[in-house]
1. Along the Cα-to-C-beta direction of Glu310, a point sits 7 Å from the Cα; which residues of region 323-355 have their amide N less than 11 Å from that point?
2. Inverting the mean 1/r over all pairs of different Cα atoms, compute the Kirkwood radius of the chain and quote it in Å.
3. Sorting Ile38, Ile172 on the 10 Å Cβ count, fewest up front, what's the list?
4. Using a simple charge model, +1 on the beta-carbon of Lys and Arg, -1 on the beta-carbon of Asp and Glu, nothing else, what dipole does region 182-292 show about its Cα centre, in debye to the nearest 20?
5. Over the alpha carbons of region 203-385, what is the largest minus smallest coordinate on each principal axis, giving the biggest first in Å?
6. Any chance you could check the Cα centroid distance between region 24-86 and region 287-362 for me, in angstrom?
7. May I ask you to sort Thr289, Thr345, Thr36 by Cβ crowding, counting other Cβ atoms within 10 Å and putting the fewest first?
8. Taking the highest mean first, how do the peptides 81-94, 274-287 order by number of other beta carbon atoms within 10 angstrom per residue?
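Every number in this text was worked out from the coordinates using simple rules, so none of it is lab data. Keep in mind the model is a prediction, meaning the values are calculated, not measured. With ideal geometry, Cβ positions are generated from the backbone for all residues, glycine too; neighbour counts draw on all protein chains shown.
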Amino acid sequence: MHITYIHQHFCTNEGYGGTRSYDVSRHLAKMGHKVTMICGVADVSGLKMAPWYKPFRKCRMDGFNVIICNVVYSNKQGFLARFVGFWLFAFMAAIAAAFLRRVDVVFATHTPLTVGIPGYIGARLKRVPFVFEVRDLWPESDIISGNLREGSLVARGLSALEKFLYAKADKILFVSPGFEKRLLERGYRQCKLKTVLLGADGDIFQQLQPDKTFRAQHGLTDKTVAVYTGVHGRANGLDYIMDAAQCLKDRNDIAFVLVGNGMEKPRLIKRAEQQNLSNVVFVDYVPKTELPGILAGCDIGLMILANVGERPVTPNKIFDYMFSGLPSVVNFTGPTIDMVRADETGVYADPAKPEELAEKIAHWADNPDEAKAIGGLAREIAFKKYDRRKIARQLVEVFQQVCAKRKRKTAC
């Protein structure tokens, strides 16, 4: 099977972002499938920009082909730059998809929502199934987080595009059951929807060794370390962690580590300095290959989002924490805490009460054997249920089903 895989924010292990598309592609290739990845150049991707006069470049990577569209993206960009980047990538990716030969299925994964445009065009031109993967509900999530005004021209345009792509997709996949639930509530048919979780790459977590150098460099030796990894943006609500750190200011045996970048990071650093929060350590993004050692050297994983009610997401960092043997604290309701409770791999903290997060962390600091036991269970469950080899096999089943259905020319 030849799979055209379109992901603007594709990232390798040399980068700092989520590597699900990279991991799935190489596992698909090992299974005997031909994969052509069409991507852009995110600042955290591990890919380099080509000269301006080279709009496309091709390379071979771990058994699959990659077509890189020379379109840069960064979370640090302003709205206009990102907007232009999204549409430029959609245009270039559609051209790249149009020139591929003997394609069996087109698989596009967002964000951004506009990645569905080359997915639809490529599938239509090749007369093959179009599978659309939803990693976030645009524009709904941006409206909820306050990044987009409901009823605005942009919101209405994104809503129209969302409905169009959902209607044209042969199958809509979700990385969280919360997203699938929302579309069922909106009247979409169950037979068109399926959840395939993000998971994590078990390979890089297999030989897990704590990075003692990292702990020593940041003054974390002999401390209980609660770690957050990911974007530092408004939607992440990291002031909640800062408030908890303020509550634990007198506990010299507890520290918070925030790994990542984002628009809110300079303000958070300034706040830590003004409030003399020496128990908070800020670290820039690290390559994916270095992350397991850092996480293994920590004690607690933090799943934190801004307090805007129930969140339908299941972020990839929860799986990183599990594979690293960390118990997790989740501060939002929805499928993430449901999964954590079902697997017995963590606890919930009220997003309106940072002192509750402080209490959970202090409890595990005082009861390290309990934390280690929960973390050990989390690691065991992760390899059984959430390894990306299993994710790749689930995706192949979907692709085979939509291809068979297209041949029969039947609708669900």
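1. Zone members listed by number: 333-335.
2. Details: mean 1/r = 0.0454 Å⁻¹.
Result for the chain, one decimal place: 22.0 Å.
3. On the way: Ile38 30, Ile172 22.
By the 10 Å Cβ count, ascending, the order reads Ile172, Ile38.
4. Values: 16 positive and 13 negative charges, 124 e Å.
With Lys and Arg at +1 and Asp and Glu at -1, about 600 debye.
5. In descending order, the Cα extents are 45, 39, 31 Å.
6. When both Cα centres are located, 29 Å separates them.
7. Numbers: Thr289 13, Thr345 25, Thr36 21.
Sorted ascending by nearby Cβ count, the order is Thr289, Thr36, Thr345.
8. Working: 81-94: 18.8, 274-287: 15.5.
The packing order, highest mean first, is 81-94, 274-287.
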